[in-house]
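Student: First the structure, which I've put down as structure tokens, then a few questions once you've had a look.
The values are calculated or read from the model by the stated rules, or taken from the named source; none is laboratory data. For clarity, every value in this text was computed on a predicted model and none was experimentally measured. Here the Cβ is made from the backbone with ideal geometry for all residues, glycine too, and neighbour counts use every protein chain on show. These accessible areas exclude ligands, DNA and RNA; they are computed on the full protein's heavy atoms, side chains included. Shrake-Rupley method; radii C 1.70, N 1.55, O 1.52, S 1.80 Å.
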Amino acid sequence: MPRFILPILLLLGLAWNIQAQNRNATVSIDAVDLTLTQIMEEITVQTGFYFSFNARAIDADQRITFSIRDARLDECLRSLGEQIQVSYQIIDDQIILKALEEEQPKEELLILSGFIEDGSSGESLIGATASVPGTPWGAVTNAFGYYSLPLKRDKYQLEYSYVGYEKKEVDLELSANEQRNVSILPQSIELPNVIVEIPALARLQKKQISQLSLHPDDLNNMPEFGGESGLVKGLQSLPGMQMHGDGSAFFYARGGERDQNVIIIDDAPIFNPSHLFGFYSIVIPEFAKSIQVYKSNVPANLGDRLSSIVDIRTKDGNLNKLEFSGALNPLINRFSLEAPIIKKRLSLFVSWRRSRFEWLYQKAAPDADLSFGDFNFKLNYRINDKNRLFFTTIISGDNFTNLNSENRSISGLRWANLAATLRWNHIFGPKLFSNTTIYTGNYGYRLFIPPSHWQSALGSLSFKTDFTHYARPNYTARFGLEAHGYFIDPGSFAVDSSIAILPEIKPNFTQKTVLYYQGEWDLNDRWQLRAGARLINWTNTGPTTYYTFNEEHEVQDTVSTGEGVYNRYRHLDPRLSLQYQLDQKSLLTLSLGNYHQYLQLISDSQSPFTSLEIWLPAGPNIRPQSAFHTTLAYNRTFEKTGLELSTALYFKDARHQIDYKDHPQLLLNPLIEGELRFGRMRSYGLETMLKKEAGRLNGWLAYTYSRSLRKTGDVNNGRTYLAFQDRPHELSILLNYQLSKRTLLSGYFTIFSGSTFSSPTGFYTYKDQTIPIYGEKHNDRLPHYQRLDFAIRFRLNKDPNRRFQHSLNFSIYNMLAHKNVVLVNFNKIPVDGSRPVVPGNFLADVPLSPTRADLIRFFPSLTYKFKL
């Protein structure tokens, strides 16, 4: 034992002995009409214990008569406490007194509930607040505009508010549970989106860097490409959301793969959000009401993806009046109609969009068809105060084909998305809200190679019932059930009878059922806990035929199954979030979570133009992908400047990540699972966002430091290598400046590290062909990406409150004409020194020259928008 330990133990023992002796000492007091202070001083003299108490709760000057003789300290304090109605506690040499609260019967809390809506259109408002000013009592509406506020039986002046809307005060005498639907009006302001005041604490609770809200107005204010701003371009301006490059709707979240993200519209999944090989996205901003982006800390009612979920809620449609709007551009036209069928009860929203590229290519290629289109439909029916029905349909299609005028055959590519949702909201009581949904999401494509065609498809049909229980003022629970069925055609070839028979590739049928529960506790004024879990059961069903492989990835056996389940996975995914409010202006959040993913995209191409995608489900040869997320986030608001700072550190450990052997054969391969290799990926980084929502100058600055490292046993000789999406640095700046009442300037600038790719380390000649030699995988990077976009929006009507509104939007994409490289080719240089062809295809022994290809250096557009 160290020498200094013994003296300390002796001193502690001596102190404990002295304290025990003092507590055993006897007290004798005979006081008549003395103050409590005088009595406490006498006890201190006799025992050596000092008193501590709250002078506001205990009157030390009260005069009492107290008599006790030869009593132990505990007995003396108990007797004194009974007389003056205090309790006591002895800690060290302190006697702590606390006033006894008079026990009163617990008053039952009543529930004020209802919907908060836009007073002009009847649109439900997501994230609106109902509160009692000057008190901590308040509630926020859910994704359907519903709130539940527990209050005591009393008279109140309630305040209903929402960003960009006028506050509404309502006097209320609450004597029983009451449902009250409230309408609030948009603010009539000269400068849109600039005079907006948001309480600091409300901003903190809503703005977290792992869970960002992207308002459709944010998209509309961004500089456009060819007449559209688009969802994906808006996502790529946020921290941690990385774009692929020009001409692509692919995006990556926190270093994950692109198939680890999903866009859901009213719960229905969109498997391919791109138009025209990624230049446009299928989500029309005017159709969206709210866009919520989850990169971690995902609620238990959402899943299952490893990187991000983009949750889009669509507009309900105007219940009070007809509205017609549109956008006209040389490349694209869009029209939208909102109308009440039964005023205040039944409405519809219809939106249609189609490209107009024909004038660009019709002379040179009269038989070509390069086009895309969208159709969006929403029906909103308010049956009564407790029941609402919604029906949503989204149809999109792309055509990239050519018609042979001689034999009328078609060559080229077509792809399409279909999503539909039927939703029922029901209020069982003031504390229990339910949302039951049947929905489907489908994606398919066809590659026409006359006289045959290749096709692939992914379809789902799902049922979900979700409950929100406002159990107590400090506790809300969310729980529910999901059932999903998936049909996957990984690829099949329809051929002419004169062509040799090609291998048959069996479709896949799978099912997934999920039970989930999540609770949110306000532990006290500073601490909030959110904990939940998803219990997932994944099954593969027959009849089908599949193959098993040995360690060398060679076919080991062929297995034919009958009807029923032939493979199953079960997982429990817990999720935990702990939030601490440092003060009225700052929050600290720690979140942990386990995630699984059961659908994976099979594609070894890094080209942004491909839509030839193969989806495969988890099965006997493909284990579900999994990842564990850890995030520590800090959020702060600055009242004087209106700035919001969000920053987060994250780490993601993903397992069963798919890679490929060298030169894999992915099309027309019934043994495709033997081409796959499985490994591990670790992603980590830092995200920072500085945002300003109010004022003539508003926007945000986002910086991301992100690394993503992979390790797969049979790839790169088992050594760790950089993932394609590993981009250490990315900076984005979006600024809007209200130059005048009618003129808005917008600028967007982004710069980020180039993507990795495998560059040849040498070449050799074999039978008059030059063969590349590769070393490390992803050993090189493309040049950094850099782009500046600029836009001017001019409102043509002078009065901002007129029914008919119209404007001109002029945008320039890549204003500085920076050469953003999307790929590198190694081409042969002709002997005569003429310019090399991309891609080169020369067999002669001539020099090799790396050639870079970029897409868009300067692209202006002019769009006319109107609304009436």
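Student: P(r) for region 43-83: what percent of alpha-carbon pairs falls in each 10 Å bin, starting at zero?
Tutor: For region 43-83, the binned pair fractions read 22, 57, 20, 0 percent.
Student: Which ³J(HN,Hα) values in Hz, rounded to whole numbers, follow from the phi angles of region 161-170 under the Karplus curve 6.51 cos²θ - 1.76 cosθ + 1.60, where θ = phi - 60° and Gly and Pro get x?
Tutor: Karplus-based 3J(HN,Hα) across region 161-170 equals 8, 7, 4, x, 10, 6, 5, 10, 9, 10 Hz.
Student: Looking at region 391-471, which trypsin sites (Lys or Arg not before Pro) are in a loop (DSSP not H, G, I, E or B) and have at most 15 other Cβ atoms within 10 Å?
Tutor: R408
Student: So, one more: How high is the relative contact order of the chain? Use alpha-carbon pairs under 8 Å, at least six apart in sequence, and give a whole percent.
Tutor: 9 percent
Student: Additional query: Relative contact order, percent, of region 375-442 when contacts are C-alpha pairs under 8 Å separated by at least 6 residues?
Tutor: 28 percent.
Student: Taking GluC sites (Glu not before Pro) as candidate sites, keep only those in a DSSP loop with at most 12 other Cβ atoms within 10 Å, then name the longest stretch of the chain containing none of them.
Tutor: 640-868
Student: F810 to L109: extension gain in nm, 0.36 nm per residue of separation minus the Cα-Cα distance?
Tutor: Between F810 and L109, full extension yields an extra 246.8 nm.
Student: Could you give me the ³J(HN,Hα) list for region 464-469, computed from phi with Karplus coefficients 6.51, -1.76, 1.60 and θ = phi - 60°, whole Hz, x at Gly and Pro?
Tutor: These are the phi-based 3J(HN,Hα) values: 8, 10, 10, 10, 10, 10 Hz.
Student: Between S452 and F826, 0.36 nm times their residue separation minus their Cα-Cα distance comes to what?
Tutor: Additional length available on full extension: 131.4 nm.
Student: Over the Cα atoms, compute the radius of gyration (one decimal) and Dmax (the largest Cα-Cα distance, rounded to a whole number) for region 360-421, in Å.
Tutor: My reading of the Cα-based Rg and Dmax gives 19.3, 62 Å.
Student: Right, next: What full-extension length gain, to one decimal in nm, is calculated for S560 and L649 as 0.36 nm per residue of separation minus the Cα-Cα distance?
Tutor: Result for the pair: 27.2 nm of gain on full extension.
Student: Give me the 1.4 Å probe accessible area per residue for the chain, excluding ligands and nucleic acids, in Å².
Tutor: Accessible area per residue: 47 Å².
Student: Which cross-chain or sequence-distant (5 or more) residues have an amide H under 5 Å from the amide H of A249, H modelled 1.01 Å from N in plane?
Tutor: G278
Student: I'd like the Karplus ³J(HN,Hα) series for region 738-750: coefficients 6.51, -1.76, 1.60, θ = phi - 60°, whole numbers in Hz, and an x wherever there's a Gly or Pro.
Tutor: Result, ordered by residue: 7, 5, 8, 4, 10, 10, 10, 9, 9, x, 9, 10, 9 Hz.
Student: I need the shape label for the chain. Rule: rounded when a/c is under 1.5, else prolate if a/b > b/c, else oblate, with a, b, c from the alpha carbon gyration tensor.
Tutor: prolate
Student: For helix 5-24, what angle does its Cα long axis make with the longest principal axis of the chain, in degrees from 0 to 90 and rounded to 10?
Tutor: With both axes taken from Cα atoms, the answer is about 50 degrees.
Student: Within the chain, what whole-number % of the accessible surface is contributed by carbon and sulfur, with the 1.4 Å probe and all protein chains included in the calculation?
Tutor: 56 percent
Student: With a 1.4 Å probe and all protein chains kept in place, how do K512, K777 rank by accessible area, largest first?
Tutor: K777, K512
Student: Enter the Cα centre distance for the pair region 336-368 and region 131-168, rounded to the nearest angstrom.
Tutor: For region 336-368 versus region 131-168, the Cα centre distance is 39 Å.
Student: Quick one: what Rg and Dmax do you get for region 290-355 from the alpha carbons, in Å?
Tutor: 16.8, 44
Student: Moving to a separate point now. Quick check: the distance between the Cα centres of region 629-667 and region 740-813, to the nearest angstrom?
Tutor: Computed from Cα coordinates, the inter-centre distance equals 21 Å.
Student: What does the charge count around K289 come to, taking other residues whose C-beta lies under 9 Å from its C-beta (Lys +1, Arg +1, Asp -1, Glu -1)?
Tutor: That sum, taken over residues with Cβ under 9 Å, equals 0.
Student: What angle, in degrees between 0 and 90 and rounded to the nearest 10, separates the Cα long axis of helix 36-47 from the longest principal axis of the Cα atoms of the chain?
Tutor: Between the helix axis and the principal axis of the chain, the angle is about 90 degrees.
Student: How high is the FRET efficiency between F858 and L360 when r is their beta carbon distance and R₀ equals 22 Å, given to the nearest 0.05?
Tutor: E between F858 and L360, to the nearest 0.05, is 0.85.
Student: Grab the beta carbon distance between S213 and R69, set R0 = 60 Å, and tell me the FRET efficiency rounded to 0.05.
Tutor: 0.25
Student: Another one. Which net charge results when you count Lys and Arg as +1 and Asp and Glu as -1 among the other residues whose beta-carbon is under 12 Å from that of Q157?
Tutor: Counting the neighbours of Q157, the net charge comes to -2.
Student: Moving to a separate point now. What does the charge add up to near R857, with Lys and Arg as +1, Asp and Glu as -1, over the other residues with Cβ less than 15 Å from its Cβ?
Tutor: 0
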